[in-house]
Amino acid sequence: MTSIESAPTPAADEFDVTDFVQEARVDGAVYTSPAIYQRELDTIYSKGWVYVAHESEVTERGDYLTRKIGTNPVIVAHGKDGEVRVLLNRCTHRANKLCNAEKGNATNFRCPYHGWNFSNDGSLTAVPMREGYGDAFQAVRDELALAEAPRVDSYGGFIFASMAPEGITLLEHLGRSTKAIDRLLALSPTGEIDLRANWMKHRHLANWKMVVENNVDGYHALFTHKSVYDAIRPAKVSHIPSKVKVVVRDLGEGHSEIDYAEEYRKLDEEFIWYGRTTRERLPEYAAAMEASKSPEELHDALVVGPPHTLIWPNLFLAEMNVMYVEPIGPEMTIAYTTPVLIPGQDKLNQRTIRRAEGAMGPAGFLIADDGEIGMRNQAGLAATNPKWLVLARGLETDFEDETGIVNNDKSAETPQRGFYRQWAAVVGQEI
Ligand code: FES
Ligand SMILES: [Fe+2]
């Protein structure tokens, strides 16, 4: 008779992470257990840095966005004093969600329940019929400002927040992944990007980690995305891992990537990553880039193109798109994607938007396939035998250099191993 090792639900005080993550395998429970999901919220999303927004989305005073950090609804608000804050989206009276719009521009937020009014810097500015609280109220008014994420910092315009007042700095958190952000910004003549093309939303019936780790899985493309490759010819480079110099890399701290740079450098052709166009077809962009960079810098940027890099835990630099994920429950995730626009480059941006629709849009090729695969993965996990998912591909050919742990086989599961090493370190900590 087959023995079924059903995954135990860990009690808060007796959680041993090695029961769930080992060197090259993870327990299916990491994708299904409500208790593990709660532990992730209490560690990854409550103590560490989480991506929340991009500075281009809140450039003007009064600009705001509503987002989430784990379960916390937040308002990313550019205050009247010029500071961008991450305010908790919860009225300090009796907890009504203050702002329901996805984005906008406002000097203040008025609670729909009893009309308390907060400035866009979070301070409480008006309380209807205040005398009902008696004389003591004025004294506590300052304490009734909106709560804020205690730490907010940005790199290259990407704004991250941490719900913990203390911990490593954002730069320490980002580690080697800053190079991926730099690589993206190198494609802009001004060194800035614009993420205001609006976000496409996909609800995945899958655990958030399944959605995230799929982005750096170089093994599935030939199968899951066969229809894309059949439809789009010629492919940018061969999809057969043994035929190309495309590497996968564990950058440390949970960050990882699929890196086409070496293959592109070998081919030494500009814009392979962008449908094999040419500078002549994008004259305004080429002129702006030529004016802002040395010929060598420009050639290198246009040959190597954008990053394909996962920034732990919830941000993915998807070449000329950006994705972030929002966990909704152990088995549901919303993924948000937007094309990367280059300020002042309308022609290029129109093309980038069309490409994003083809890959990421509701009728697009790529994400729809990944969404279905994630859902089927989650459905398969309802069977609890075998207990483990295998992440051993390429384990014996990984090597370490100054860039991280690298594997020359694009289909190696090196990124997943790095992801779960970080997961074990963070989720396994004492809370
Ligand atoms: S809950 Fe917001 S004013 Fe009462
Ligand atoms: Fe995919």
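The values are calculated or read from the model by the stated rules, or taken from the named source; none is laboratory data. Since the structure is predicted, the reported quantities are computational estimates derived from the model, not experimental observations. Here the Cβ positions follow ideal geometry from the backbone for every residue, glycine too, while neighbour counts run over all protein chains shown. Heavy atoms of the whole protein, side chains included, go into the accessibility calculation; ligands, DNA and RNA do not. Shrake-Rupley method; radii C 1.70, N 1.55, O 1.52, S 1.80 Å.
Is one or more of the residues making up the stretch 71-78 touching a strand residue (DSSP E or B) at 6+ places or on another chain (Cβ under 6 Å) and farther than 30 Å from Met332 by Cα? Yes, the stretch 71-78 contains at least one residue that is touching a strand residue (DSSP E or B) at 6+ places or on another chain (Cβ under 6 Å) and farther than 30 Å from Met332 by Cα. Listed by first and then second residue, the pairs linking a residue in the stretch 97-114 that is under 15 Å from Gly79 (Cα atoms) to a residue that is among the hydrophobic types (A, V, I, L, M, F, W, C) and more than 16 Å from ligand 1 (Cβ to nearest atom), with Cβ atoms under 7 Å apart and 6 or more places separating them unless they lie on different chains, are Lys103/Leu65.
Of the residues making up the stretch 84-127, those that are open to solvent by 40 Å² or more (accessible area, probe 1.4 Å) and in contact with a Pro (Cβ under 9 Å, 6 or more places away or on another chain) number 5. Annotation note: of Met289, Met323, Met332, the sole residue that is modelled with pLDDT of 95 or more and either open to solvent by 50 Å² or more (accessible area, probe 1.4 Å) or not assigned by TED's automatic domain parsing to the domain that holds Gly394 (or both) is Met332. Against the criterion of being out of contact with any Phe, Trp or Tyr (no Cβ under 9 Å at 6 or more places or on another chain) and on the phi > 0 side of the Ramachandran plot, Gly361 does not qualify. The C-beta contact set for the stretch 201-222 (first residue among the aromatic types (Phe, Trp, Tyr), second residue open to solvent by less than 20 Å² (accessible area, probe 1.4 Å) and not in a helix (DSSP H, G or I), distance under 6 angstrom, 6+ apart or interchain) comprises Trp208/Val325; Trp208/Pro327; Trp208/Thr333; Tyr219/Ser411. If you go through the stretch 34-83 and keep only what is open to solvent by 10 Å² or more (accessible area, probe 1.4 Å) and over 20 Å from the mean Cα position of the chain (by Cα), you end up with Pro34, Ala35, Thr59, Glu60, Arg61, Asp63, His78, Lys80, Asp81, Gly82, Glu83. Within the stretch 127-142, the residues that satisfy the criterion of being outside any loop (DSSP other than H, G, I, E, B) and either in contact (Cβ under 8 Å) with a residue 12 or more places away in the chain or under 13 Å from His93 (Cα atoms) (or both) are Arg130, Tyr133, Phe137, Val140, Arg141, Asp142. Looking at Gly371, is it at positive phi and either part of a helix (DSSP H, G or I) or in contact with a strand residue (DSSP E or B) (Cβ under 7 Å, 6 or more places away or on another chain) (or both)? For Gly371, the condition - at positive phi and either part of a helix (DSSP H, G or I) or in contact with a strand residue (DSSP E or B) (Cβ under 7 Å, 6 or more places away or on another chain) (or both) - is not met. Residues in the stretch 73-126 that are more than 14 Å from ligand 1 (Cβ to nearest atom), assigned to a loop (DSSP other than H, G, I, E, B) and either more than 30 Å from Gly157 (Cα to Cα) or of a type in the set (Ser, Thr, Tyr) (or both): Thr107, Ser123.
Could you tell me whether the stretch 354-365 includes any residue that is assigned to a loop (DSSP other than H, G, I, E, B) and in contact with a helix residue (DSSP H, G or I) (Cβ under 7 Å, 6 or more places away or on another chain)? Checked against the condition, which is being assigned to a loop (DSSP other than H, G, I, E, B) and in contact with a helix residue (DSSP H, G or I) (Cβ under 7 Å, 6 or more places away or on another chain), the stretch 354-365 yields at least one hit.
Restricting attention to the stretch 303-311, does a residue exist that is in a helix (DSSP H, G or I), more than 16 Å from ligand 2 (Cβ to nearest atom), at pLDDT 95 or above and open to solvent by less than 30 Å² (accessible area, probe 1.4 Å)? Walk me through how you get there before you give the answer.
First pass over the stretch 303-311, keeping only residues in a helix (DSSP H, G or I): 303-304.
Add one more test, that the residue is more than 16 Å from ligand 2 (Cβ to nearest atom), and what stays is 303-304.
Adding the requirement that they be at pLDDT 95 or above leaves 303-304.
Subsequent filtering for residues that are open to solvent by less than 30 Å² (accessible area, probe 1.4 Å) retains 303-304.
Yes.
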